[in-house]
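One structure is given here, and the rest of the page talks about it.
The values are calculated or read from the model by the stated rules, or taken from the named source; none is laboratory data. It should be emphasised that the depicted structure is a prediction, and the values quoted were computed from it without experimental measurement. All Cβ positions, even for glycine, are placed from backbone atoms using ideal geometry, and neighbour counts span all protein chains on display.
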Amino acid sequence: MASVEVSSLLVPSVVEMAKELSASIPGRYIRSDIERAVVPDGDQALEIPVIDMQKLVSGEPNNSEIEKLDFACKEWGIFQLLNHGVDSTLLENLKAEIAKFFKLPMEEKKKWWQTPGNAEGFGQAFVVSEDQKVDWGDLFYVLTHPLRLRNPRLIPTLASPLRETMERYTFDLNNLSTAMLGKIAEALHMKTEEMTVFVGEGRQTIRVNCYPPCELSDQVMGLTPHSDSTLITILLQLNDVDGLEIRKGGKWVQIQPLPDAFVINVGDILEIISNGRYYSIEHRVTVHPEKERLSFATFFGLGHDGELGPAPSLVSEQTPAKFTRVKVQEFYKGLFSRRLQGKAYIDTFRIQQD
């Protein structure tokens, strides 16, 4: 998610709606096609791979953590990151400030509400028709890097200390993503300069999510099943309410993040650049019947001046290109012109192999 100029339609605040509803909710939010999740091993959530950032950047020869990273991206498309270097006090402050942010009166939040044709601010994304089913949740979506492209009516107008906390967090996450992408290039045996050229000046966007409780939680969806059209996404769960699920082995399975760990998933762009060695994981968010869920997703994509396709160093006669090449601007334009639907978007770029 990098482009914010979209033809998205505006929808009401679900957080405000949830305050007034009884057991009846508008039909636009009711889903009849929700696949039930399986719960592995009785009560246990799925244990996804865990990577230690300190070990990853240790510089030791034959670093086994690089091999673990390669396995996680190739076989899972998702992993948890420990010892990531982001200050725990900063994370706690962020959690507290975001919780207060979503509790602001609606009249206050209207200052940051989405405007027609732009996804930034409070609201929902990927709403492209009046009769489309929509998610049970509000988001606050903002482009945060590069600084020159920031919307002056959003983060700069937030009150202290939320503004300073957000600035520090997004700065730290930008550094972390740069280091992570370097290690991913190393795991792929890809030329470092190739990744640098692909990224360009890069794009960092954030999506802070609030999924209010719903008595009919089994009939609504917090976030529609999809894969992220990013290089990588770094997710921080802001409270102890679970709901993140991934499609593994054709079935939906809930995962449970470790305390203060980041959940990192491979995006469509990285699947394309890696020529299919890594794959973007399909995921969704379910709704709790009694508790609100909060999360903070940070997306890392490409600058808009380049072209997207498999890295040349990963294409050969033995491993032909699996994806077509496309201008980055066109990739994002196509992304935001359609609703979320599993991995349907990246599939449009696949080359059918003989």
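Kindly indicate which of Asp135, Asp131 is touching a strand residue (DSSP E or B) at 6+ places or on another chain (Cβ under 6 Å) and either farther than 28 Å from Lys327 by Cβ or part of a loop (DSSP other than H, G, I, E, B) (or both).
On the way: Asp131 fails: touching a strand residue (DSSP E or B) at 6+ places or on another chain (Cβ under 6 Å).
Checking each option against the conditions leaves just Asp135.
Results for (1) in contact (Cβ under 8 Å) with a residue 12 or more places away in the chain; (2) buried (at least 22 other Cβ atoms within 10 Å of the Cβ); (3) of a type in the set (S, T, N, Q); (4) more than 24 Å from Ile346 (Cβ to Cβ), shown as yes or no for each residue.
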site: Met221; (1), (2), (3), (4): yes, yes, no, no
site: Pro225; (1), (2), (3), (4): yes, no, no, no
site: Ser229; (1), (2), (3), (4): yes, yes, yes, no
site: Thr233; (1), (2), (3), (4): yes, yes, yes, no
site: Gln237; (1), (2), (3), (4): yes, yes, yes, yes
site: Val241; (1), (2), (3), (4): yes, no, no, yes
site: Ile246; (1), (2), (3), (4): yes, yes, no, no
site: Trp252; (1), (2), (3), (4): yes, no, no, no
site: Gln256; (1), (2), (3), (4): yes, no, yes, yes
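If we scan the range 192-213, do we find a residue that is surrounded by fewer than 17 Cβ atoms within 10 Å (Cβ to Cβ) and either of a type in the set (Phe, Trp, Tyr) or in contact with a strand residue (DSSP E or B) (Cβ under 8 Å, 6 or more places away or on another chain) (or both)? Please lay out each step first, then the result.
To start, the set of residues in the range 192-213 that are surrounded by fewer than 17 Cβ atoms within 10 Å (Cβ to Cβ) comprises 192-194, 196-197, 200-201, 213.
Still in the running and either of a type in the set (Phe, Trp, Tyr) or in contact with a strand residue (DSSP E or B) (Cβ under 8 Å, 6 or more places away or on another chain) (or both): none.
No, the conditions are met nowhere in the range 192-213.
Do the conditions hold for Glu193, that is, is it without any contact (Cβ under 8 Å) to a residue 12 or more places away in the chain and in a helix (DSSP H, G or I)? Show your work before the answer.
Numbers: without any contact (Cβ under 8 Å) to a residue 12 or more places away in the chain: yes; in a helix (DSSP H, G or I): yes.
Spelling it out, Glu193 is indeed without any contact (Cβ under 8 Å) to a residue 12 or more places away in the chain and in a helix (DSSP H, G or I).
Quick check on Leu91: is it crowded, with 18+ Cβ neighbours inside 10 Å and either under 26 Å from Leu176 (Cβ atoms) or over 20 Å from the mean Cα position of the chain (by Cα) (or both)?
Criteria met by Leu91.
Kindly establish whether Met180 is buried (at least 21 other Cβ atoms within 10 Å of the Cβ), among the aliphatic types (A, V, I, L, M), modelled with pLDDT of 95 or more and more than 24 Å from Glu47 (Cα to Cα).
Numbers: buried (at least 21 other Cβ atoms within 10 Å of the Cβ): yes; among the aliphatic types (A, V, I, L, M): yes; modelled with pLDDT of 95 or more: yes; more than 24 Å from Glu47 (Cα to Cα): no.
No; evaluated as a whole, the condition is false for this residue.
Of the residues in the range 100-127, how many are buried (at least 19 other Cβ atoms within 10 Å of the Cβ), under 14 Å from Asn151 (Cβ atoms) and of a type outside the set (Asp, Glu)?
6
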